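Engineer: Shown below is the structure under consideration.
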Amino acid sequence: MDRAVSRSFQILETLAQASGPLRLSAVAAQTGLQKSTVHRILGTLCELGYAQQEDSGLYGASLKTWELGAGVIADLPIKRVASGYLQNLHRDTGETVNLTVLVGDDVLYLDKIIAPRPVRFGARVGSRVAAPLTSGGKAMLARLIDAPERLARMATRRTLDVAALLAELNEVRARGYAVSGYSPGVVSTGAAVIGPGHRPIAALSVSAPRERLDAAKSKAIAEAVLETCARMAEAVNRP
């Protein structure tokens, strides 16, 4: 691996994932690189247009970085067909709707429609969360043969009860959807969109404050998520 290229992407990812512009020292601290190295690479990224320095001296990722990601997402089959289904699910449930895909051991948020009465959700479009912590992630893991190996690998990096998760995935597989309380006070219900080879290609989830849910609404959300995922799968798999 080319070290210079690796460091450049490490810095660019740090800028892109930050909640706001960063000081050079903060970039160095988060990447573990020397300030002189960070300064040199940031200068190059700014010259290329992938980073920008504000008048305050802080650094951030530029819209050119967003253009690259937007171009990739636009070509994803699931993203091309998802918009209408997300809007319908949002209309039917009145809650926040998320579209995620599995990337390594994480889920990546591709799209989101916020509820009219939103609560604060930490996961924004473009962010990642460990798959076992989310309903969509668990729904996709439940459809993968190598889920036990994946969970065992994840458990070496974070605290996970692998046995309990495997038991939960069996339940998810049986009923078709997963439930997560990853965000405090918020319940998320998710299901997988199944693609060619019966493999999950994405997941849809609906997130709502616990106080707005009762048994009837929870059941209605689960049914709406399952129905929408089935329709999306038909659209994606259609010749």
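Engineer: Keeping the other protein chains in place, figure out the carbon and sulfur percent of the accessible area of the chain, with a 1.4 Å probe.
Structural biologist: For the chain, the apolar C and S fraction of the accessible surface comes to 52 percent.
Engineer: Identify all lysines with a Cα-Cα distance to K79 below 17 Å; exclude those on the same chain that are fewer than 8 residues away in sequence.
Structural biologist: K112
Engineer: Same structure, new question: With the contact rule set at Cα under 8 Å and sequence spacing of 6 or more, what percent relative contact order holds for the chain?
Structural biologist: So the answer I get is 16 percent.
Engineer: Another question, if that's okay. Ignoring solvent entirely, what values of log10 I(q)/I(0) come out of the Debye formula for the chain at 0.16 Å⁻¹ when each Cα is a single scatterer?
Structural biologist: After summing over all Cα pairs, the log10 values are -1.14.
Engineer: Separate question: Ranking request for peptides 123-132, 91-100, 27-36: highest mean number of other beta-carbon atoms within 10 Å first, then the rest in descending order.
Structural biologist: Ranked from most to least packed, the peptides come out as 91-100, 123-132, 27-36.
Engineer: Determine the calculated [θ] at 222 nm for the chain from helices alone, applying -39500 (n - 2.57) to every DSSP H run no shorter than 4 residues and normalising by the residue count; nearest 500 deg cm²/dmol.
Structural biologist: -15500 deg cm²/dmol
Engineer: List, in order, the whole-Hz ³J(HN,Hα) value for each residue of the range 179-188 obtained from phi through the Karplus relation with A = 6.51, B = -1.76, C = 1.60 and θ = phi - 60°; use x for Gly and Pro.
Structural biologist: Running phi through 6.51 cos²θ - 1.76 cosθ + 1.60 with θ = phi - 60° gives 10, 9, x, 4, 8, x, x, 10, 10, 10 Hz.
Engineer: How long are the semi-axes of the equivalent ellipsoid of the range 1-103, defined as square roots of 5 times the Cα gyration tensor eigenvalues? Whole Å, largest first.
Structural biologist: Square roots of five times the eigenvalues give 34, 15, 13 Å.
Engineer: For the chain, find the longest principal axis of its Cα atoms and tell me its angle to the long axis of helix 3-17, 0 to 90°, nearest 10.
Structural biologist: The two axes meet at around 60 degrees.
The values are calculated or read from the model by the stated rules, or taken from the named source; none is laboratory data. Predicted model, so just to flag it, every value in this text is computed and none were measured. All Cβ positions, even for glycine, are placed from backbone atoms using ideal geometry, and neighbour counts span all protein chains on display. The area values use the complete protein model at the heavy-atom level, side chains included, leaving out ligands, DNA and RNA. Shrake-Rupley method; radii C 1.70, N 1.55, O 1.52, S 1.80 Å.
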